[in-house]
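Here's the structure, in structure tokens; my notes come after.
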Amino acid sequence: MEDNKKHLWWQDGVIYQIYPRSFQDSNGDGIGDLQGIMQRLDYLQWLGITAIWISPIYPSPMADYGYDISDYIDIHPLFGSMTDFDRLLTEVHNRGMKLILDFVPNHTSDQHPWFLESKSSKENPKRDWYIWRDAKDDGSPPNNWLSVFGGSGWEWDEDTQQYYYHAFLKEQPDLNWRNPEVQEAMLSMMKFWLDKGVDGFRIDVMWHMIKDDKLRDNPPNHDYQQHMATYEQLLPYYSTDQPEVHDIVHKMRKLLDSYNERMMIGEIYLPIHKLVAYYGADNNGAHLPFNFQLLSLQWNAREIGAAIDQYEGSLPDQGWPNWVLGNHDQPRITSRVGLQQAKVAAMLLLTLRGTPTIYYGDELGMTDVPIPFEEVQDPQGLNMPDKNLSRDPARTPMQWDASDHSGFSQTKPWLRVDKSYKRINVEAQKNDSHSMLTFYKKLIALRQQEISLKAGNYVPVHADPQVISFIREAEGESRFLIVLNLSHKPCYFSPKNIHINGEVILATIPELEGEKVGNNINLSGDEGVIIKLEN
Ligand code: NOJ
């Protein structure tokens, strides 16, 4: 049984993702900023989270809203100054919280001085810092690799008569991580922030960092369907997830380990058996390779139960699990499963074994906001207009209160605010015992207070298409049975494999709290309960 040994903050804690453009604007330009985040730290502390992960805040031409970095060791003036950053870090630490930065090592902006040099001539010493290749004899790109954001992954440079590779926009050229100078330069950028005292990094597209050295063609994806992004026409077997990527991850880890209690999250969209390799041999890789299963699985309790078991069973010995319900690239959970079911999803996220990451606004039940075509900002949406792939709907301003622009800004925000903001906002929900926010706050508090929930074992009890149930327990600590109805229909749960005697301590509707329960548990549709077991 998992003992009560001390866990580190990133194992025990709850992570909260801030998309900085949309969290809080402090200077009235319609775009969120660091001072804005500072103004809202009391809220985050009140909510009970442990660590904040902020999407990129570095100088950037904003072709991909900050994921195209032109200087890794400064702050974009839109977000503030380095002084603001230092203050933010201090304020976060003063509140006993941690700060995780987003780090984007796979590619830079095409305006980064390194790329401008690399592009200037074939002889430039930085030429090999990026992936340049001759055209094929007929002038076409060196191979068939596609860009995630549509079209070819190769861009022709007229001046030097070669193509360069970009897995994302042409404004985001991929670095050549096989070059030791690139490795050294990027590690020194990480060191800059670690020396300042940041507590960790979320590493963007970690599995993309190294490509096949022969740049072989990717094979076709025979399951491709028209509605999918064009990138999915091929299986990215040669352009991503290469064995050598683990050496790079290990180098990053070594750097982190030379500091005290710093951590690294890897953004990795891969099947479980490949994902777990990112923990590294002997656990010397990423601390938390992001586990995105809850984002992609069908909302079916049997499938989710099986996926949890597969994940638990695949984790390496010291590998710590984690779960994610939303981020700035995915539709919001409330829009996927509905408002009431989103409470069940929150209960799942916050009772599973492993570090949970909450996406800003999900704690209010914010939904995807339809953005009229002429207002679309996201390049993924703009490049594939017929596929409804814009990520803007999940990136709209945080809904703080019922005042103009939802208390996010004094002026019209960069993306429109949801029409419901007068009802669905922090102010309105804070003191409402039935609200999503109150529910999240209670769930977080319970998790933070109970060792079994933070660090205990996961014991599967039951999963059918409607209901999933499991126990969380740790030696000498309270035991909890979680029962979640992932459907809209009532369910009747009478497990034969365990004896239940306990009391509901937290439920998706507060009316159930305090009820004594035995082996017959009846739940309405969209209902979930946490039961404290007597024995
Ligand atoms: C993953 C990030 O989460 C996404 O927003 C970005 O567009 C791509 N990486 C490219 O950096």
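The HN-Hα couplings worked out from phi for the range 167-181 by the Karplus form 6.51 cos²θ - 1.76 cosθ + 1.60 (θ = phi - 60°) are 5, 10, 6, 5, 7, 10, x, 6, 6, 9, 6, 6, 7, x, 5 Hz, whole numbers, x standing for Gly and Pro.
Summing +1 for each Lys or Arg and -1 for each Asp or Glu among the other residues whose beta-carbon sits under 12 angstrom from that of Pro331 gives 0.
Given a 1.4 angstrom probe, I'd like the percentage of the accessible area of the range 209-279 that is carbon and sulfur, rounded to a whole number. Let's see the in-between values first.
Details: 1860 of 3560 Å².
C and S fraction of accessible area: 52 percent.
Of all DSSP-defined beta bridges confined to the chain, some 60% are antiparallel rather than parallel. Each part gets one Cα centre, and for the range 160-236 versus the range 357-388 those centres are 23 Å apart. Taking every alpha-carbon pair under 8 Å whose residues sit at least 6 apart, the range 422-473 reaches a relative contact order of 21 percent.
Normalising by the residue count of the range 113-165, find the relative contact order in percent from Cα pairs under 8 Å and 6+ residues apart.
Details: 71 pairs, mean separation 16.0, N = 53.
Taking the mean separation of contacting Cα pairs over the length of the range 113-165, I get 30 percent.
Annotation: per residue accessible area for the range 457-533 equals 42 Å², rounded to a whole number [probe 1.4 Å, protein chains only]. Computed from phi, the 3J(HN,Hα) profile of the range 101-110 under the Karplus parametrisation 6.51, -1.76, 1.60 (θ = phi - 60°) reads 9, 8, 10, 10, x, 5, 8, 10, 6, 6 Hz, with x in place of Gly and Pro.
Counting only protein heavy atoms and using a 1.4 Å probe, what share of the accessible area of the range 409-535 belongs to carbon plus sulfur, as a whole percent? Solvent-exposed carbon and sulfur of the range 409-535 make up 49 percent of the total. Count the net charge of all other residues whose Cβ sits under 11 Å from the Cβ of Asp247, scoring Lys and Arg as +1 and Asp and Glu as -1. Every neighbour counted, the sum reads +3.
Given contacts defined as C-alpha pairs under 8 Å and at least six residues apart, what's the relative contact order of the chain, whole-number percent? Could the numbers behind the result be given before it?
Working: 1156 pairs, mean separation 72.6, N = 535.
Computed over the chain, the figure is 14 percent.
Under 5 Å from the amide H of Gly326 lie the amide H atoms of Tyr359, each residue being 5 or more positions distant or on a separate chain, with H modelled from the backbone and absent for Pro and chain starts.
Taking the Cα centre of the chain as origin and charging only Cβ (+1 Lys, Arg; -1 Asp, Glu), how large is the dipole, in debye to the nearest 20? Each step should come with its number before you reach the end.
On the way: 50 positive and 75 negative charges, 255 e Å.
Using only the charged Cβ atoms, the result is roughly 1220 debye.
In straight-distance terms, cross-link reach from Lys412 covers every one of the lysines whose alpha-carbon lies under 19 Å from its own, apart from those fewer than eight places away in the same chain; here that gives Lys422.
With a Förster radius of 45 Å, plug the Cβ-Cβ distance of Asn94 and Glu511 into 1/(1 + (r/R0)^6) and report the FRET value to the nearest 0.05. Show your work: numbers first, answer last.
On the way: r = 39 Å, r/R0 = 0.87.
Rounded to the nearest 0.05, the efficiency is 0.70.
Taking every protein chain into account, the accessible area of the range 368-418 amounts to 44 square angstrom per residue (probe 1.4 Å). Note on Arg87: accessible area approximately 120 square angstrom, rounded to 10, probe 1.4 Å, nucleic acids and ligands left out.
Averaged over its residues, the range 113-165 has an accessible area of 49 Å² per residue, based on protein heavy atoms and a 1.4 Å probe. Relative to a virtual label point 7 Å from the Cα of Leu235 in the Cα→beta-carbon direction, which members of the range 142-160 show backbone nitrogen distances below 17 Å? Inside the label zone: 144-146.
Bridging of Lys6 to aspartates and glutamates at a Cα separation below 17 Å is possible for Glu261, Asp317, Glu450, Glu473, Glu475, Glu477, once same-chain residues fewer than 8 apart are set aside. Measuring with a 1.4 angstrom probe and ignoring ligands and nucleic acids, Leu315 comes out at about 20 Å² accessible.
Kindly identify the range 113-165 as rounded, prolate or oblate by the Cα gyration tensor criterion: order the square roots of the eigenvalues as a ≥ b ≥ c, call it rounded if a/c is under 1.5, otherwise compare a/b with b/c, prolate if a/b is larger, else oblate. In terms of gyration-tensor shape, oblate.
Here the Karplus curve 6.51 cos²θ - 1.76 cosθ + 1.60, taken at θ = phi - 60°, turns the phi angles of the range 190-196 into couplings of 5, 4, 3, 6, 5, 4, 6 Hz, with x standing for Gly and Pro. Please work out how much accessible surface Asp241 shows to a 1.4 Å probe, ignoring ligands, DNA and RNA, in Å² rounded to 10. Number for this one is 40 Å². Between Ser60 and Ser70, the built amide H atoms are under 5 Å apart, and every one of these is 5 or more places off in sequence or on another chain. Multiplying the residue separation of Asp464 and Ala445 by 0.36 nm and removing their Cα-Cα distance gives an extension gain of 3.9 nm.
Could you tell me which of the pairs Lys211/Lys254; Lys98/Lys274; Lys98/Lys196; Lys214/Lys254; Lys191/Lys251 are separated by over 18 angstrom between their Cα atoms in the structure shown?
Numbers: Lys211/Lys254 22 Å; Lys98/Lys274 29 Å; Lys98/Lys196 13 Å; Lys214/Lys254 28 Å; Lys191/Lys251 12 Å.
Result: Lys211/Lys254; Lys98/Lys274; Lys214/Lys254 exceed 18 Å.
Where does helix 339-351 land angle-wise versus the long Cα axis of the chain, in degrees 0 to 90, nearest 10? Helix 339-351 and the main axis of the chain meet at about 90 degrees. Principal-axis analysis of the Cα atoms of the chain puts helix 436-449 at an angle of about 80° to the longest axis. By the gyration tensor of its Cα atoms, with a ≥ b ≥ c the square roots of the eigenvalues, what is the shape of the range 1-129: rounded for a/c under 1.5, prolate for a/b over b/c, or oblate? Oblate, since a/c reaches 1.5 and b/c is not below a/b. Taking a sphere under 14 Å around the Cβ of Leu297 and counting the other residues whose Cβ falls inside, with K and R at +1 and D and E at -1, yields a net charge of 0.
Model label sites at Asp404 and Ser120, defined 7 Å from Cα along the beta-carbon direction, differ in position by 4.8 nm. Excluding same-chain neighbours fewer than eight residues apart, the lysines reachable from Lys419 by a Cα-Cα span under 29 Å are Lys343, Lys387, Lys430, Lys441, Lys442. May I ask which residue of Val324, Pro180, Leu235 lies farthest towards the positive end of the charge dipole of the chain, with charges of +1 (Lys, Arg) and -1 (Asp, Glu) on Cβ and the Cα centre as origin? The one lying farthest along the dipole's positive direction is Val324.
Would you mind classifying the range 282-338 by shape? Square roots of the alpha carbon gyration tensor eigenvalues, ordered a ≥ b ≥ c; an a/c under 1.5 is rounded, otherwise it is prolate if a/b is larger than b/c and oblate if not. The partial results should precede the final answer.
Numbers: a/c = 4.05, a/b = 1.56, b/c = 2.60.
It is oblate, given that a/c is not under 1.5 and a/b is not larger than b/c.
When the Cα centres of the range 78-118 and the range 258-275 are compared, how far apart do they sit, in Å? Value for the Cα centre distance between the two parts: 19 Å.
Compute the angle between helix 82-94 and the longest alpha-carbon principal axis of the chain, please, reported from 0 to 90 degrees and rounded to the nearest 10. That works out to roughly 20 degrees.
The values are calculated or read from the model by the stated rules, or taken from the named source; none is laboratory data. The shown structure was predicted, so the numbers you read here are calculated from the model rather than taken from an experiment. Neighbour counts are summed over all protein chains in view; Cβ atoms, including those assigned to glycine, are modelled from backbone coordinates with ideal geometry. Please note that ligands, DNA and RNA were not included when accessible areas were found on the heavy atoms of the full protein model with its side chains. Shrake-Rupley method; radii C 1.70, N 1.55, O 1.52, S 1.80 Å.
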